[in-house]
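Working notes for the structure below.
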Amino acid sequence: MAAQIEAIMRDPSLTHDQKLAAVASLRAAKLAEAKAVRARIIAEAKAIAKVRRRMSRPRRGL
């Protein structure tokens, strides 16, 4: 990400405001990606816990 920000800041065709907007959108995309990964990890942990609970229950009717 640092290399992308550096490339944005060195681009002479962008104005200062455009550079700020580009960096902000890059950071927002990075944050959204991190949140998605975190949500996936939490969902996997919940699924594993659900299976463990199901496996530890005694069987009925045997």
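The values are calculated or read from the model by the stated rules, or taken from the named source; none is laboratory data. Bear in mind the structure is a predicted one, so any value in this text is a computation, not a measurement. For neighbour counting, all protein chains shown are included, and Cβ atoms are generated from backbone atoms with ideal geometry for every residue, glycine included. Please note that ligands, DNA and RNA were not included when accessible areas were found on the heavy atoms of the full protein model with its side chains. Shrake-Rupley method; radii C 1.70, N 1.55, O 1.52, S 1.80 Å.
Scanning segment 22-50 for residues that are basic (Lys, Arg) and either over 12 Å from the mean Cα position of the chain (by Cα) or outside any helix (DSSP H, G or I) (or both) yields 46, 50. Check whether at least one residue in segment 25-43 is at negative phi, open to solvent by less than 100 Å² (accessible area, probe 1.4 Å), in contact with an Asp or Glu (Cβ under 8 Å, 6 or more places away or on another chain) and without any contact (Cβ under 8 Å) to a residue 12 or more places away in the chain, and report yes or no. Checked against the condition, which is being at negative phi, open to solvent by less than 100 Å² (accessible area, probe 1.4 Å), in contact with an Asp or Glu (Cβ under 8 Å, 6 or more places away or on another chain) and without any contact (Cβ under 8 Å) to a residue 12 or more places away in the chain, segment 25-43 yields no hits at all.
All of (1) open to solvent by less than 80 Å² (accessible area, probe 1.4 Å); (2) part of a helix (DSSP H, G or I) hold for residue 53 with one exception: (1). Within segment 3-21, not a single residue is within 14 Å of the chain's Cα centre (by Cα) and part of a helix (DSSP H, G or I).
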